[in-house]
Amino acid sequence: MTAWARDSLDKVEASREERLHQGAPELDEINANKLLRKFHPDYQGMERTVRIGPDASRRKFPNELADLLETDSRLPPDFEPSVDIETDVLILGGGGAGASAALALEGVGLTVYLATKLRLGDSNTVMAEGGIQASLRPDDSPRRHFADAYVGGHGNNNPDLLRILCDNASETIRWLGQLGCIMDRNDDGTFRLRAGGGTSVPRVLACRDYTGLEIMRVLKDAVLLSKTQVLPEHAAVELLDDGKDVTGAVLWDRNRGRLITVSARAVLLATGGSGQLRLQGFPTSNHLGATGDGLVLAYRQGCGLVHPESYQYHPSGTVYPEALVGQLVTESIRSAGAQVLNAEGERFIGEMTFRDVLAAAIISEVAEKRGVLTPTHRTGVWLDTPLIDIKSGAGALHRQFPGLVHRFKRYKIDPAKQPILIYPTLHYQNGGIRIDRDGRTDTKGLWAAGEVTGGLHGTNRLMGNSLLDITVFGRRAALSIRKELPSRKAVTLSRLKKFREELKAISSRREIMSPQLFPTVANMKINFSMNNNQ
Amino acid sequence: MKTVEIKIAGKPVRARVGETVIHALWSAGQAESIKTGCVGGVCGACTITVRFPDDRLGGTDLACLCPVEEGMEVFPCSVDAVTPVIPQLDPTPEKLRTAYPTLDRCTKCGSCTTACPMTIPVMDSVLRMRSGQLETVAEDFITCIHCGLCRFVCEDRVQPHNMGMWVRRSIGASQKPIGEQTGSINWEQVEREWVYLTEGNSEQRLDHARRFRERGRIEK
């Protein structure tokens, strides 16, 4: 890059020698909380209650999500469900949670359909870089894992769910290994464990900075070899019920424009997160489909949400070059030694603190005019990546972070030689649909797993706990479905009809419909063909 | 804002300097013309071919990572997944050959390597598969996003990325699971620790969690 940043880069280089052996600036919990309240986007009051549904007047939602919960369905008013596909289980979502569930439903004689808005594997899972947590060291335990995640989540985690997550971690790593996932190992053959923000001991397993890709491509390969019937480019636009329980879904076949009615004895929502709602104008690290569809669908079926106000802004989103804005720079790069610096080349916070605190600190630094302004009018702070080779020897960054190197290479930026600019990017939906220990939602017939659910991570998730979440709870929901598969019931739109009645009584934003399906910025066309059911 | 004109499948599109082909399509209301997934270079959905107006070599790319340039022509080139072959424990070149009989049809033309948007040395790796250097093959394909371009351009129907996955999964599944807790576990202590961490109200739990994470045990 970066003649425009020369002055600031000179300062970064000048302070590097001294910073190498300097401790991180201290921040106690009281001041960390002050920082969060003043600068973290969750605390800026950009939220409101909604007037209809199970959480009416009870809790606050980000404005963008509240609008989607209070608006009409995309289904044409005259649409009547008439069954096109009959299945035992319908999985909605083709990311890590959906794929894990499909594999856990294999071999027990059930018909399983997996419908996904994009293609199998196009998901936030595949984009996860840093790793997956499992307590494998002698000085570690599932309890210590629990304690770290509970403190990181501000004590808002559901302890039952969190205990299940931590207790099942090593078994899950073994399962992934049996499927053929290859995680980085030390020379002695043990797994290489990295620290993550807020882990009290190194606990994060990784496959370079492509951990999610490794897990997703293996899961996808296994699903393609299973009996699961995959329906790619089939987006869920509404859930069906018999007036009481969830009994199926209406899918939109994107290529033919048709609406398809599926009757299912059990439906598993694994539709993922909502970063593409781009709350408060933030860029996002999420994939094209992350528009919170599952939240809307479940809410209309009477399912309550937990901590829907809480989002994770990943501290290190790319700010420059413009083409990479919002894209993730893995947290492991900080655990490998890269420091976060302001325009003066000074550290202002410990890089391995919790994600929400670090994000707030970066926003604060920029607000106080100590950030760096790019030629495209964005602001950020430095991530001093050259420190990695200085600390671990030449070539270390290229070996450990091939993904980062690959993305920047095109712009003639070598992160081993020059720092990169970062700013928080909308990364993860901390809250979501309420589930019990077996992934059951508030409504019978409907299970949920993965990012679409809430409670597990409290109001701030630790690195490496989302890949674990989808593999543990995706499979767990599947086992619960196997154990208590409901009988087949009628498919009607009773709940939607009631919702539409309630909606008439309030004024809502009539120009939008939900689920949103695609990001607003993508200007995609959503047309249902008129002659359905053909 | 400076703009350039590019062509997508023959249709002119105005784009802002610095943005990618995908973002240009979004602004132009033509998002549907190229299949899109992660918008981050790892899902392999948005495969394209690119031609430049000058004498530079064009070729394959990912639309989400490809910055626009004046006069550039883009053609969608989407590749469907194919059903893979079940991996096997303790893989050998013979087992791989049985799984993928087209392995030996490679004519060393190098198209696959040229087509790979992740700069994987695909052809060299196919040759390594033939000679049995499977550990190196697993390493070669560590950045593979399974976009399918190497398979798409192969005239001899070799399926490099599927074979790469077969090798990786076969090796991965054959590795010894390491890092399990060994020795006897004191279950009474484990239960005491769980009670300590999960009892009481959220404030008490938080306090206990803070203390516990310091040393990984109940502090007196």
With a Förster distance of 25 angstrom and the Cβ-Cβ distance between A:PHE528 and B:THR83, calculated FRET efficiency to the nearest 0.05 equals 0.25
Where a ≥ b ≥ c are root eigenvalues of the Cα gyration tensor, a/c under 1.5 meaning rounded, otherwise prolate if a/b exceeds b/c and oblate otherwise, region B:93-174 counts as oblate
The cysteines in chain B that find no other cysteine Cβ closer than 4.7 Å to their own Cβ are B:CYS46, B:CYS64, B:CYS66, B:CYS77, B:CYS106, B:CYS109, B:CYS116, B:CYS144, B:CYS147, B:CYS154
Which of B:ILE22, B:ILE185, B:ILE142 fluctuates most in a GNM of chain B (C-alpha springs under 10 Å)? That residue is B:ILE185
Per-residue average of other protein chain Cβ atoms inside 10 Å, peptide A:460-466 -> 0
Rounded to the nearest 0.05, FRET efficiency between B:ASP156 and B:ARG56 (Cβ-Cβ, R0 25 Å) equals 0.35
The simple spin-label model distance between B:CYS109 and B:ARG211, using points 7 Å out along Cα→Cβ, in nm, is 7.1
Rounded to whole angstrom, the alpha-carbon centroid of region A:149-174 lies from that of region A:289-363 at a distance of 20
Checked against a 20 Å limit on the C-alpha separation, the offending pairs among A:LYS244/A:LYS489; A:LYS444/A:LYS489; A:LYS117/A:LYS409; A:LYS11/A:LYS38; A:LYS525/B:LYS35; B:LYS11/B:LYS35 are A:LYS117/A:LYS409; A:LYS11/A:LYS38
Checked region A:47-167 with the C-alpha gyration tensor, a ≥ b ≥ c its square-rooted eigenvalues, rounded below a/c of 1.5, otherwise prolate if a/b is larger than b/c and oblate if not; verdict oblate
For peptide B:26-37, the mean count of other chain Cβ atoms within 10 Å per residue Cβ is 5
The simple spin-label model distance between A:ASP438 and A:ARG174, using points 7 Å out along Cα→Cβ, in nm, is 2.3
For A:GLY304, other-chain or 5+-apart residues with amide H closer than 5 Å (H placed, Pro excluded) are A:ARG434, A:ASP442
Mean Cβ-within-10 Å packing, highest first, puts peptides B:42-53, B:96-107 in the order B:42-53, B:96-107
Between the modelled labels at B:GLU139 and B:ILE218 (7 Å from Cα along Cα→Cβ) the distance in nm is 4.8
Summed over the other residues with a beta carbon less than 9 angstrom from that of A:ALA336, with K and R at +1 and D and E at -1, the charge totals +3
For B:MET163, A:MET183, ascending order of other Cβ atoms within 10 Å (fewest first) is A:MET183, B:MET163
One quarter of the C-alpha convex hull surface, i.e. the mean projected area of chain B in nm², amounts to 20.2
For the protein assembly as shown, shape from the Cα gyration tensor axes a ≥ b ≥ c, cut at a/c of 1.5 then a/b versus b/c, turns out rounded
About its Cα centre, the protein assembly as shown carries a charge dipole, from +1 on Lys and Arg Cβ atoms and -1 on Asp and Glu Cβ atoms, whose size in debye to the nearest 20 is 720
Shielding of A:223-233 by other chains, given as the mean Cβ count within 10 Å, works out to 1
per DSSP, antiparallel bridges as share of beta bridges in chain A, % nearest 5, sits at 65
Site B:GLN175, offset 7 angstrom along Cα→Cβ, radius 16 Å on amide nitrogen, limited to region A:98-130, gives A:130
Counting only backbone N atoms under 19 Å from a point 7 Å out along Cα-to-Cβ of A:ALA3, the residues of region A:364-392 in range are A:373-377
Computed curve, region B:3-76, Cα-only Debye sum without solvent term, log₁₀ I(q)/I(0) at 0.14 Å⁻¹, is -0.35
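Rule-based calculations on the coordinates, nothing more; no lab input. Just so you know, these numbers come straight off a predicted model, no measurement behind them. As a convention, Cβ positions derive from the backbone with ideal geometry for all residues, glycine included, and neighbour counts pool all protein chains shown.
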